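The values are calculated or read from the model by the stated rules, or taken from the named source; none is laboratory data. Note that this is a predicted model, so its numbers are computed, not measured. In this analysis, Cβ positions are derived from the backbone assuming ideal geometry, glycine residues included, and neighbour counts consider all displayed protein chains.
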Amino acid sequence: MARHLICIDDLGDDDLRSIVARGAHFGEHGAGDARPLAGAVVGVHFRKTSTRTRTAFSSGTLRLGGHLVAYGPDDLQTNTGETIADTGRVFSRMLDVLVARTAGDPLELRELAVGDMSVVNAMSADEHPTQALADLSTLTWHFGGVSGLRVLYVGEGNNTAVALVLALSRYERVRLELRTPHGHGVPKEVMDRAADVAARNGGSVRQRHDMADLPPAMDVIYTTRWQTTGTVKVHEDWRDRFAPFQVDSSLWRHSPRAVFMHDLPAHRGEEVTAEVLDGPASIAFDQAAMKLASAMAVLEWCRVGCVSPLAGAVG
Ligand code: CP
């Protein structure tokens, strides 16, 4: 059975924790002698722009001993009418792993997931699961773990936010507070599901659509850019709605020890001020670097399943 990562809920608790811990290990120590992709061929198909995710999975494949076939948005016969299902049938006879960014319907990725080929969602319209895994590896690297953390997410409830909500709620005693503009929040169905899981784990997941009464003493303040790749805003006045949700240094009055995280790319002066993004609390560029380590953990999991975080470690 091929292992797929199309949404966070594809991962059992052991898979999720294993990938997160392994990503943190790769981030700290690099790949070492690990070559779990030796002899494997990974296809990387991005129909939308990407700097971090595409490079992370490409570089990660090569570092783990695999071979790479890269496709841009104009390269496949799907553009001339071949079906996604037929494309998947052909790919699965030639590739071991397909990493794909559609920024569209995740069902497309399910259609591609046939045969023995693993499919990894490198971002679809509804979820960005590999971002969440990199984020949790970053938290593990910085704080030593994820359980018990208090996270304030400010801004659009986009695909990154959805994956973050679903992943964080799986850890014990995590408190996650989202502040999103009206009409741009994480969908209620996702919030309800995550809140149930968080409650079972002794934590909480809540969303409000204003910036009043912010919770104090948060460990992390997280935002993403306001114009998510591949999306357009339906409300003409969206900038007015988003303006109160800019992350600036005033948020640190309530949480002086918080680190700042951002999935990047960033637009300084929109969702975050330059003072915060480039300031001492920011770990956003460590977070970006962790995308490579996390991509290696995901690729390794696709090929061999759960691995002890320290497997192959020297010393
Ligand atoms: N955060 C993220 O997914 O970055 P890219 O769009 O550059 O891959």
Residues of segment 93-136 satisfying the condition of being among the charged types (D, E, K, R) and within 26 Å of residue 221 (Cβ to Cβ): 126, 127, 135
Select, from 197, 205, the only residue that is in the same structural domain as residue 141 (by TED's automatic domain parsing), more than 16 Å from the ligand (Cβ to nearest atom), in a helix (DSSP H, G or I) and crowded, with 17+ Cβ neighbours inside 10 Å. 197
Looking at (1) within 16 Å of the ligand (Cβ to nearest atom); (2) in contact (Cβ under 8 Å) with a residue 60 or more places away in the chain, which is the only condition residue 307 fails? (1)
Selected residue (criterion: farthest from residue 27 (Cα to Cα)) from residues of segment 100-122 that are touching a residue at least 60 places away in the same chain (Cβ under 8 Å), within 16 Å of the ligand (Cβ to nearest atom) and surrounded by 23 or more Cβ atoms within 10 Å (Cβ to Cβ): 109
Check off (1) within 16 Å of the ligand (Cβ to nearest atom); (2) buried (at least 23 other Cβ atoms within 10 Å of the Cβ) for residue 125 and give me the number that stays unchecked. (2)
Residues of segment 208-240 classified as surrounded by fewer than 16 Cβ atoms within 10 Å (Cβ to Cβ) and part of a strand (DSSP E or B), total: 1
Could you pull out the residue among 251, 277, 310 that is out of contact with any strand residue (DSSP E or B) (no Cβ under 8 Å at 6 or more places or on another chain) and outside the structural domain of residue 123 (by TED's automatic domain parsing)? 310
Sort out which residues of segment 245-282 are touching a Ser or Thr at 6+ places or on another chain (Cβ under 9 Å) and surrounded by fewer than 19 Cβ atoms within 10 Å (Cβ to Cβ), and write them in order of number. 248, 249, 264, 265, 273, 275, 279
Over segment 268-283, the set of residues outside any loop (DSSP other than H, G, I, E, B) and within 20 Å of residue 228 (Cβ to Cβ) is 268, 272, 276, 277
Selection from segment 28-67 of residues that are within 16 Å of the ligand (Cβ to nearest atom), touching a residue at least 60 places away in the same chain (Cβ under 8 Å) and of a type in the set (Gly, Ala, Ser): 50, 56, 59, 60
With the checklist (1) away from the ligand (no atom under 16 Å from the Cβ); (2) among the polar types (S, T, N, Q); (3) under 15 Å from residue 152 (Cα atoms) in hand, flag the one item residue 224 doesn't pass. (1)
Every residue from segment 46-65 that is in a loop (DSSP other than H, G, I, E, B) and more than 16 Å from residue 36 (Cβ to Cβ): 47, 48, 49, 50, 51
Taking residue 151 as the residue in question, decide whether it is away from the ligand (no atom under 16 Å from the Cβ) and not in a helix (DSSP H, G or I). yes
